[in-house]
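The values are calculated or read from the model by the stated rules, or taken from the named source; none is laboratory data. Just so we're clear, the structure is a prediction, and the values are computed from it rather than from any experiment. In this analysis, Cβ positions are derived from the backbone assuming ideal geometry, glycine residues included, and neighbour counts consider all displayed protein chains. Ligands, DNA and RNA are excluded from the accessible area calculation, which covers all protein heavy atoms including side chains. Shrake-Rupley method; radii C 1.70, N 1.55, O 1.52, S 1.80 Å.
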Amino acid sequence: MLSAVAGVALATAVTAAHAQETVKIGLIVPMTGGQASTGQQINNAIKLYMQKNGDTVAGKKIEIILRDDATLPDNTKRMAQELIVNDKVNVIAGFGVTPSALAAAPLATQAKVPQVVMAAGTSIITERSPYIVRTSFTLAQSSTIIGDWAAKNGIKKVATLTSDYAPGNDALQFFKEHFIAGGGQIVEEVKVPLANPDFAPFLQRMKDSKPDAVFVFVPAGQGGNFMKQYAERGLDKSGIKVIGPGDVTDDDLLNGMGDAVLGTVTAHIYSAAHPSAMNKEFVAAYKKAYGVRPGFMAVGGYDGIHLIYEALKKTGGKADGDSLIAAMKGLAWESPRGPISIDPETRDIVQNVYIRKVEKVDGELYNVEFATFEAVKDAGKTKK
Ligand code: PHB
């Protein structure tokens, strides 16, 4: 009897000690389905970071619990709930698309668990919970800049093709505002579904109507399919340019897109060709480990885990939600993409946006950066 009681007490003590010594991160991303490349890039990058920096920080062992939500927000919500209630995670992270990030937000608030958004890019996300911090990007950051650039660079008539959900609507809205203010004209607006979009009818019409450029937002993972259909219809040879935020020329797929993609100009936050020492090392290590290039989703994951490590260092290992969120606000560091920081007011990322053109470098296709806009905040916060 006595030993049984002692056994229970010991088990409880061991559990408590374990809970104190381990910081658990529930990583919810799509590892299968249409957006699988997002989850794979994020998971790869986190593993790489932990191999390089160790799996212990401020005396705590870091444990990642990976869940595949297959891009279904109902799954994301159920998994976040289970991770918080059963696994008692200290942080939830990942979120491959906006609907998934939004589905988890009320749970982060209720449980006071930080939610680190490493992929999704709709402006509104960080306003949905005081426990959300973002290390990805917003569509407003890049679309405002490409809108200005297009108007200033001889592009007068643009047709738009955007994925019909929140980030596509942000991309469209912010591009239009800036392009029209600069004197440009929108000649057609087409929205395609997030799942299994068919670009053919739009591309066929473009061949006849011949705008100066098509503005495209499709989420990471879909750019290859778009470019293939654009090339098949000979649009590259008809002089109709592709412009947009850089999701369409994600480095993860870019080199397989063929020469039709040469000359595509996009505004975005990361290029595998970013010429910093840190990025060269990051790209080399990622290629060595996984045999492919990292894209911008990998960088969102790499910076997300770095943010959690740095916050834990700042709190001396205290891992309750309020301490971690307070520590994350205002953190600034050098990322493979360039200098970044977490805006202490909005908990959103502040970062450089680069204008890039697809060029061939040493026989491979890259987004080569040729202009930099420094420390860009999310325009969506003040305008909506
Ligand atoms: C999103 O759903 O917020 C999202 C996903 C992939 C992207 C951009 C935005 O490339």
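Tabulated data
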| item | result |
| --- | --- |
| Single unsatisfied condition, Pro130 versus (1) away from the ligand (no atom under 12 Å from the Cβ); (2) buried (at least 24 other Cβ atoms within 10 Å of the Cβ) | (2) |
| Tabulated pairs, the range 191-203, first open to solvent by 80 Å² or more (accessible area, probe 1.4 Å), second more than 16 Å from the ligand (Cβ to nearest atom), C-beta under 6 angstrom, 6+ apart or interchain | none |
| Which numbered condition Ser143 fails, given (1) away from the ligand (no atom under 12 Å from the Cβ); (2) within 18 Å of Val187 (Cα to Cα) | (1) |
| Those residues of the range 79-116 which are surrounded by 24 or more Cβ atoms within 10 Å (Cβ to Cβ), touching a residue at least 60 places away in the same chain (Cβ under 8 Å) and within 16 Å of the ligand (Cβ to nearest atom), in sequence order | Ala93, Gly94, Phe95, Gly96, Val97, Thr98, Ser100, Ala104, Val116 |
| Residues (within 14 Å of the ligand (Cβ to nearest atom) and in contact with a Gly (Cβ under 6 Å, 6 or more places away or on another chain)) located in the range 151-169 | Thr162, Pro167 |
| In the range 59-78, the residues that are open to solvent by 30 Å² or more (accessible area, probe 1.4 Å) and either part of a loop (DSSP other than H, G, I, E, B) or small (Gly, Ala, Ser) (or both) | Gly59, Ala70, Leu72 |
| Residues being of a type in the set (A, V, I, L, M) and either open to solvent by 30 Å² or more (accessible area, probe 1.4 Å) or touching a Pro at 6+ places or on another chain (Cβ under 9 Å) (or both) - total across the range 354-370 | 2 |
| The listed residue being at negative phi and either modelled with pLDDT under 95 or of a type in the set (Phe, Trp, Tyr) (or both), out of Lys384, Lys377 | Lys384 |
